[in-house]
1. Conditions: (1) in contact with a Pro (Cβ under 7 Å, 6 or more places away or on another chain); (2) more than 30 Å from A:ASP582 (Cα to Cα). A:ASN334 meets all but one. Number of the miss?
2. Quick one: in segment B:282-300, of everything that is touching a Gly at 6+ places or on another chain (Cβ under 7 Å) and at the interface with chain A (Cβ under 10 Å from one of its Cβ atoms), which residue is surrounded by the most Cβ atoms within 10 Å (Cβ to Cβ)?
3. Applying the selection to segment A:226-238, what residues are modelled with pLDDT of 85 or more and crowded, with 24+ Cβ neighbours inside 10 Å?
4. Among the residues of segment B:235-251, is there at least one that is among the aliphatic types (A, V, I, L, M), within 8 Å of chain A (Cβ to nearest Cβ) and under 29 Å from B:TRP68 (Cα atoms)?
5. Only one of A:GLY209, A:GLY222 is in contact (Cβ under 8 Å) with a residue 24 or more places away in the chain, closer than 18 Å to A:SER250 by Cβ and within 14 Å of chain B (Cβ to nearest Cβ); which?
6. (1) within 30 Å of A:ALA471 (Cα to Cα); (2) facing chain A (nearest Cβ under 9 Å): which one isn't true of B:LEU272, the others all being true?
7. Determine whether B:TRP308 is under 29 Å from B:ALA104 (Cβ atoms), of a type in the set (Phe, Trp, Tyr), more than 9 Å from chain A (Cβ to nearest Cβ) and crowded, with 24+ Cβ neighbours inside 10 Å.
8. Would you check if B:VAL313 is modelled with pLDDT under 85 and in contact with a helix residue (DSSP H, G or I) (Cβ under 7 Å, 6 or more places away or on another chain)?
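The values are calculated or read from the model by the stated rules, or taken from the named source; none is laboratory data. None of these values were measured; they are calculated from a predicted model. We place every Cβ from the backbone using ideal geometry, glycine too, and count neighbours over all the protein chains shown.
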Amino acid sequence: MKRRQSVLAVLARNRPATLGASLLLVIVTVSLLAPLLPLHDPNATDLANRLLRPSLLSGNPLGTDHLGRDLLARLIWGIRLSLAVGIFASIIAAVSGSALGIFAGFFGGRVDNLLMRGVDMLMAFPYILLALTIVAVLGPGLLNALYAVAIVNIPFFARNIRGATVAVIRREFVDAARLSGMNNRRIITVEILPNVAPVIVVAMSTTIGWMILETAGLSFLGLGSQPPQADLGSMLGEGRKLLITAPHASIVPGAMIFIIVIAVNLLGDGIRDILDPRLRAGTLSRPAPLTHVRRESIPEPQSGYLLEVQNLHTHFIASGRVDKAVNGVDIEINAGQCLGIIGESGSGKSVTALSLLGLAPSPPAVITAGGVRLEGEELLSANFSRLRSIRGKKIAYVFQNPLATLHPLTTVGAQISEAIRCHRPVSKHSAWAEAVNLLNQVQIPNAAARARNYPHEMSGGMCQRVSIAMALANSPQLIIADEPTTALDVTVQAQIISLLSRLRHQQNMTLIFVTHDFGILAQLCDRVAVMYAGRIVENGSTEEILANPAHPYTARLIECAPRLGKGRRVLTSISGLPPAGDQLPAGCAFASCCDRSTERCRRGDIKTRPVAATHSVRCLYPLGCAP
Amino acid sequence: MRRYVLKRFLAVVPVLLGLTLIVFLIMALIPGDPATAILGSYATAENVEKINRSLGLDKPLAQQYLIWLSNILQGDFGRSYSLNRPVLDEVLDRFSATLILSGAAFLLCSLWGVLIGIWTAARQYGWTDRILTVAALTGISVPSFWLGLLAILAFSVHLRWLPASGMFAVYGGGGMVDLLKHLILPATTLSVVATGVIARLTRSAMLEILRQDFICAARAKGLPEHRVLYLHAFKAALVTVIPVLGVQAGFVLGGAVYIETVFQWPGVGLMLVQAISKRDILLIQGGVVIVAVCYVMINLMADIAQHWLDPRVKT
C-alpha cells in the first residue's frame, strides 16, 4: 500500500501526467453521466435542421449532422463507445497476451519455442493490415473491430511478458517456492504474476492509446460500428462525406479522438517513467559539452608553472542537494614532472582531473570557484572553441575503462586518425600512417593489421595501449591519466605502467597520474598529492611522503597497501567512512576517523602548513612533528 | 558478413511460410460459404458446387493450402470476381502506387524523426526540446485520417494550393510534377505518426548514449560538438534506431490504408477497403500477402543493416 501511495505521489509530481489524468477524468465522467445530462436524443433525426453550424446560443452547441442529429449528444455517446471499445480491447489483449507470455516463459523449451514462433509470424504483418484482414473475415461491426484490434496486440504483450517472466524465473525466490513444494499454478499466481505486473501495466499504457486510435480508424473506414450506433470514428467517417459543406461534422469528432489519445499517452508516459527503470534512465540528463562555471572571481596567476590549479571547487548540484566533490584543490606542475594524485573512491580525484578541461559532467557538475591556468592562460573562462583546441592537443586524457571509452563501432585506427586530423590538417592517408606508427610506439604487435580492429576485438590491455597512443597523437604538453590501470589485471597493469614510464622518459612527458594505489605511484611519480573528501591533505615528493607521511590519513593509506613478500603483516583498515560530499563537517573531514583528533580539528578551516622544503600537510597534529 | 546475409535469408523462409499459412487460415475461417458470398442470389446448389470445385474447396484443408501456395508461388493469385481481372495484375498496379506513397512517407518520417530526436536530445530541457517533445507526443496521438481531412480543408479547399485526391490530375495529368503535387499532402500526413515515434525513440537512445564514457572521451580528444553528436553518438544510437525504422516502415505501409481512403490514392489500401466491402476474398488475400512479404523483406534489410553497422553482433 505504501508503495502504491508513493507511486501516486510521484505521478502527481509529473505535470504532463497529471494533465493527462485530469483530462481523462473529465472525459470519462462526462461520458459516464451521459444518460443523466440534459442532452438531445443522439439518434433523433430532424431533417429541417440539417447541418447547423456550431453556435453556443442555439440548442445545438456543436451543430447538427446530415440528418439533423445533435452533434454534442452524439459526441458524448460516441466517447462512451470509443472509450469502452478501447479499454475492452486492451484488457483482452493484455489478459490473453500475458497468459501466453507467462505460459511460454514459465514452461520454456518446446512450448516456448512453438508459441514464440507463432508470435513472430503474427508480428511479420504490419499491425493495421492484420486488423483489417481479421475484420474482413469476421465482417464489419464494432465488436469485430474490437476483437481484431485486441488480437493484433496480443503478440506485443506475449513477447514483453515472456521476457519479464523469463527474467523472474531465474531469480532465487522462484526456486525457493518450488523447493517448498508449491505447485505451478501457485508459483505463477503468487510469485510470477506480481513481479511481471509492472511490465503488463507498462505495455498497456503504451498500447491503449493506439488501440483507441485503431478502432476509431476501423470505424472510420466503415468496418467498425454500424449506423445508427456511432463511435467517434464512424462519426468522423460520416462527417467526411460532407467535408466541404459542413467541416464541423468531421473536425469535432476527430478532435475528440485526438484529445482522448493525447491524454492517455500523457498519463502513459508518466506511468512508464515510474515503472520502467530503463526508460527512466533515458530521461536523466545528458552531460553538456562543457562543465558549467559559476564563480565570482578568477584567481590571479602565481608564477610560471606549466599547469596551475588554484582553489578549484567542483560541486554536484541536483534537486537541492550540493555534493562538494572537489572543495578547494590546488595543484602546480612543471614541465617534465609526474604528479600522482592518490585517494580512495569518491575523494574527488577524478572529478578534479575532468574539471581541468571542462569535462566534468554538467548537469549536475558546476565549477563554483577557482581557476585553471595552462602556461598562464585561464582555461575555465576560455570559450568553447579555444578549449576544444586545447583538448587533445595540449592536454590529453587517458581514461579508466578503455573498452568503454573507445567508440564501440569504429576501428581503433580510425579513432586515432580522427584525433590527429581534428587538430592538424593532414590527409586521411598520412593520418592513418601516423596512427599505425603510434600503435607501434605503444608496443602493439603487428600494428598495421591491428589498426583495422574494433575495440571489442582487443584485450583490455591492448585497448588501453590504443588510448595511450591516442593521447600521444598530438604530442601534448600534459597527459592526464585517470586510473588508467584500475580496470586491468595485475600483469597487464605492470606492462602499462612500464610503458608509461618509458614514454615519459623518452619524450620528457608531463604527467598527472590519478590512482588509488601507492605501489604504482611509487614506480612512476616524482610528486604525490593525497586527496581526501575533495581536498588535498598532503603534498610532497614521493620519497618524502612514503618515508615520512605527515597526515594521519596518508599514513593509514600507505599501511593499507599490500607489500610483496611481507604477507605476515596485519592489514590495518581505515575505520569509518569518509563523509558524504553533501554533509562535510566543519574543520578536518578526517577528524571522526582519526585517533589524534581533538576539538580544535572540528573547528574552522584548516590551512596547509609546510613540514619540509617540498612537503606540506593540511593537519593540526601532523605525524612526526610536535603539535 | 556474406554468411550472415545468407543465413538471414534462409531464416526468412519459415516466416514467409507461416505468414501465408496465417493468411490462408484466416480466409478459410470465414463464416459461411465463400461460394454463397460470391454468388449472392445466384447461389443454387449446382452453382455452389461448381464454384467450390473451381476454388478447390472440396479438398481437405492441408491440401487446399499446398495448392494455393504452389499457385501463388507461380504468380497465380486467382481472379478477382469483383473486377474480373487477375488478382496479381490488380495488386501489382495498386502496390506501385502504395510504394510511392509509403516510400515518400518513410523518407520523410525517418529524416525528420531522426533529426528531431537528435536535436531534442542535444538540447535537453531547453525550449526547443520542450516544443519538439510536445510536437512528437502530438504526432503519435493524432488520428492520421483526421489530420488528412484537416489538411484537405486547409490546403485544398481554403488555400487551393494542392489537389485533394487521386494520384494524377484527371485532365491533363501525368508527369513527375503532377505526381509530386498530389503526393505532398498524403505523404506528409502519413509520415506524422511515424515521425513522432521515431523522434521519441531516437531521443531516448541518444540520451542513453550521450551519458556514456566514450562520448566524454570523444570530447576530451577535442572534437567539435557536431562531430560528437552526429558521428559518435548517433552512430552508436543507430544500432537501436534501425529496428525502430524497420517497424515504422510496416506502420507506414499499413497506415496507408487510411490515407489512401482519405485522399483516394489508388493504392493497395484503398483496394483492400473496397474489396472487404465487396467480400472479394481472393483480392484481399493477394493484397495482404504482397504487403506482408514486402514488410518481411524490409525488416530483413533492417537486420542486415544493423549487423553491418555493429561488428559486435557476430552470429
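1. (1)
2. B:TYR295
3. Passing the criteria: A:ASP231, A:LEU232, A:GLY233, A:SER234, A:MET235, A:LEU236, A:GLY237.
4. No; the residues of segment B:235-251 include none that is among the aliphatic types (A, V, I, L, M), within 8 Å of chain A (Cβ to nearest Cβ) and under 29 Å from B:TRP68 (Cα atoms).
5. Working: A:GLY209 fails: closer than 18 Å to A:SER250 by Cβ.
Within the list A:GLY209, A:GLY222, the selection yields A:GLY222.
6. The single condition B:LEU272 does not satisfy is (1).
7. Against the criterion (under 29 Å from B:ALA104 (Cβ atoms), of a type in the set (Phe, Trp, Tyr), more than 9 Å from chain A (Cβ to nearest Cβ) and crowded, with 24+ Cβ neighbours inside 10 Å), B:TRP308 does not qualify.
8. yes
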